[in-house]
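Comments concern the structure below.
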Amino acid sequence: MEHLQPGDQQMTAVEIAQREHDAEQASNVYIMSLITFAAGLPLPIINVISTIMFFIGSRRESAFVRWHCMQALITELVTLPLNSVAFWWTVNLVFFDTQITNMYIAYMIVIGLLNAIELVASIRAAIRVRTHKPVRWFLVSDIADRLVGEGA
């Protein structure tokens, strides 16, 4: 897909304005993901619900925006079970008579690293999409292509 810059002669003012709007909307899905991550840290399902709501709200937007919403949603759906296990395992440790094991510590380290990678990737994606650069996450983008069509 050819990426035209706002200064290209082939684009009208309306097309440039629409392109800027699309870039901002697509960038917002990644920013929203970061905000809900911080707000919903204890409950992983909050991130998925907010991303679904953003996706539903963007269903009349361009394919570009819908594609990035789908990519963010798929990422949230992939991390949901992993974060849920960490959440309920921690609840079990806090409220019931169980002990912290090496397995728990190792799992929490891995989950912490995966969430840190997702945070950095979301920040990077928000910046790149806003500056009209393509963002395709490994495996996730292929699924988004099949569900929404190629939009990035």
Checklist (1) among the hydrophobic types (A, V, I, L, M, F, W, C); (2) under 20 Å from residue 45 (Cα atoms); (3) in contact with a helix residue (DSSP H, G or I) (Cβ under 7 Å, 6 or more places away or on another chain) applied to residue 125, failing item: (2)
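Please verify whether residue 116 is exposed (fewer than 14 other Cβ atoms within 10 Å of the Cβ), aliphatic (A, V, I, L, M) and within 20 Å of the chain's Cα centre (by Cα), treating the condition exactly as stated.
Values: exposed (fewer than 14 other Cβ atoms within 10 Å of the Cβ): yes; aliphatic (A, V, I, L, M): yes; within 20 Å of the chain's Cα centre (by Cα): yes.
Answer is yes for this residue.
For the stretch 118-139, what are the residues that are aliphatic (A, V, I, L, M) and farther than 11 Å from residue 68 by Cβ?
Of the residues in the stretch 118-139, the ones aliphatic (A, V, I, L, M) are 119-121, 123, 125-127, 129, 135, 139.
Matches in the stretch 118-139: 119, 120, 121, 123, 127, 139.
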Filtered residues of the stretch 36-49 (kept if under 16 Å from residue 119 (Cα atoms), modelled with pLDDT of 75 or more and not polar (S, T, N, Q)): 44, 46, 48
Pairs, first over 14 Å from residue 51 (Cβ atoms) in the stretch 19-41, second at pLDDT below 75, C-beta under 9 Å, six or more apart: 19/4; 19/6; 19/11; 20/6
Enumerated helices (runs of 4 or more DSSP H) restricted to the stretch 51-152, each holding at least 1 residues that are touching a Leu at 6+ places or on another chain (Cβ under 8 Å) and modelled with pLDDT under 90: 63-95, 102-130
Residue in the stretch 55-76 that is closer than 17 Å to residue 30 by Cβ and in contact with a Cys (Cβ under 7 Å, 6 or more places away or on another chain) present: yes
Enumeration of residues in the stretch 42-95 that are basic (Lys, Arg) and under 16 Å from residue 141 (Cα atoms): 66
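Which ones in the stretch 119-146 are within 23 Å of residue 19 (Cβ to Cβ), aliphatic (A, V, I, L, M) and surrounded by fewer than 16 Cβ atoms within 10 Å (Cβ to Cβ)? It would help to see each step written out before you state the result.
Our first condition is that a residue be within 23 Å of residue 19 (Cβ to Cβ); within the stretch 119-146, this holds for 122-137, 141, 144-145.
Checking the rest, the ones that are also aliphatic (A, V, I, L, M) come to 123, 125-127, 129, 135, 144.
Those that are within 23 Å of residue 19 (Cβ to Cβ), aliphatic (A, V, I, L, M) and surrounded by fewer than 16 Cβ atoms within 10 Å (Cβ to Cβ): 123, 127.
The values are calculated or read from the model by the stated rules, or taken from the named source; none is laboratory data. Note that this is a predicted model, so its numbers are computed, not measured. When we count neighbours, we look across all protein chains shown, and the Cβ atoms used for this are built from the backbone with ideal geometry, even at glycine.
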